[in-house]
Amino acid sequence: MVATRPRTREAAAEAAPGGSFWTIRRRDNLVGYLMAAPQLVGTALFVLVPLGLVFWYSLHEWNVLAGTFEFTGGENYRKLAADPSLRSVLGATALFSAGLVALNLTLALALAVLLNQRLRGTVLFRTLFFSPVVVSLVAWTIVWQFLLQSNGGVNGLLDSVGVTGPNWLRGGSTAMASVVVVQVLKNVGLNMVLFLAALQGVPRQLYEAAALDGAGAWTRFRRITLPLISPTVLLTSIITIVGSLQVFAQIAVLTQGGPGTSTTVLVYYLYQQAFQFHHFGYGATLSVLLFAIVAALTLLQWRMRRKWVFHES
């Protein structure tokens, strides 16, 4: 009996009518590149090129009304370092982002835990909580603008129980909180759905075994649930932090950065400099600062995953 060896892929390709192994491999690679080409071209045109132009514009003073475009080198960055308004803008941005991220993630996780219970009506409540996500952002914000006025629906409800409500969008202590709450109610449903999907992937046998060992509900949540959904916690935290740094429409519609500059976050300040004061070069410099902040926070979270994110493998 003669032993035979299976033909390798290279030998089979050589014998095939289509040509050699390397010819077929080059053909496969070409097909792969052609399939990826639309995405690569789109990324280059709509991400890389605009990003490069922003860096280029930040080195110039561009006044559209005067028709001037002058190279100034690092002058805009020196102006950025000496900007007296930048400290309050960054403070408002940090306050808004911290409040939004903490409230959004906490509320989303709490709702997901409740909806993960085997109770009647969970599908209805899941739909109700998620529906604001698909509503037009501007329409949602305009509705809340009317509700939060001094004679709006929120104060009307408070008056019915004998409480006099403030002017939510014009009070120094309530304007920022109002914008945060409006944004949380708009987007909490997305994180809730992500958390709910993660919770449904946790094996129930682990909870049953822990309960037999005498572990309470809080211990089971802390020792089982949080570690197993930590990849989703990382994902939602990145999405929420980056989204909080890009908020513009809510500020523009509700408070216009006021009262004073108490709700003037970095993106709205960028808009003011570029499109109201026509300092496009300085606006581009603020865009570079925003890009650096987002990149630094994302990289920091990504590095922290090694310590805080549990991987079953």
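The values are calculated or read from the model by the stated rules, or taken from the named source; none is laboratory data. This one's a predicted model, so the numbers in the text were calculated from it and none came from an experiment. Virtual Cβ from ideal backbone geometry, glycine too; neighbours counted across all protein chains shown.
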All positions within segment 57-77 that are out of contact with any helix residue (DSSP H, G or I) (no Cβ under 8 Å at 6 or more places or on another chain) and either within 16 Å of LEU286 (Cβ to Cβ) or surrounded by 10 or more Cβ atoms within 10 Å (Cβ to Cβ) (or both): THR68, PHE69, GLU70, PHE71, GLY74, GLU75
Segment 273-291 residues that are in contact (Cβ under 8 Å) with a residue 12 or more places away in the chain and more than 17 Å from PHE248 (Cα to Cα), paired with ones that are basic (Lys, Arg) and surrounded by fewer than 21 Cβ atoms within 10 Å (Cβ to Cβ) (beta carbon under 8 Å, 6 or more apart): TYR282/LYS79; THR285/LYS79
Residue match in segment 160-169 (condition: out of contact with any strand residue (DSSP E or B) (no Cβ under 7 Å at 6 or more places or on another chain) and either among the acidic types (Asp, Glu) or within 30 Å of THR232 (Cα to Cα) (or both)): no
Whichever residue in segment 78-100 is in a loop (DSSP other than H, G, I, E, B) and in contact with a helix residue (DSSP H, G or I) (Cβ under 9 Å, 6 or more places away or on another chain) and, among such residues, is farthest from SER178 (Cα to Cα): ASP83
Only listed residue being more than 22 Å from LEU90 (Cβ to Cβ) and among the hydrophobic types (A, V, I, L, M, F, W, C), chosen from LEU286, LEU234, LEU254: LEU234
Selection status of GLY243, assigned to a helix (DSSP H, G or I), under 23 Å from GLN183 (Cα atoms) and either touching a residue at least 12 places away in the same chain (Cβ under 8 Å) or more than 15 Å from the chain's Cα centre (by Cα) (or both): yes
Residue within segment 194-202 that is free of Cβ contacts under 8 Å to residues at least 12 places away in the same chain, surrounded by fewer than 17 Cβ atoms within 10 Å (Cβ to Cβ) and part of a loop (DSSP other than H, G, I, E, B) present: no
Long-range neighbours under 9 Å by Cβ, at least six apart or interchain, first residue in the same structural domain as GLN200 (by TED's automatic domain parsing) within segment 120-141, second of a type in the set (Phe, Trp, Tyr): PRO132/TRP140
Checklist (1) within 28 Å of THR72 (Cα to Cα); (2) in contact with a Pro (Cβ under 6 Å, 6 or more places away or on another chain) applied to VAL309, failing item: (1)
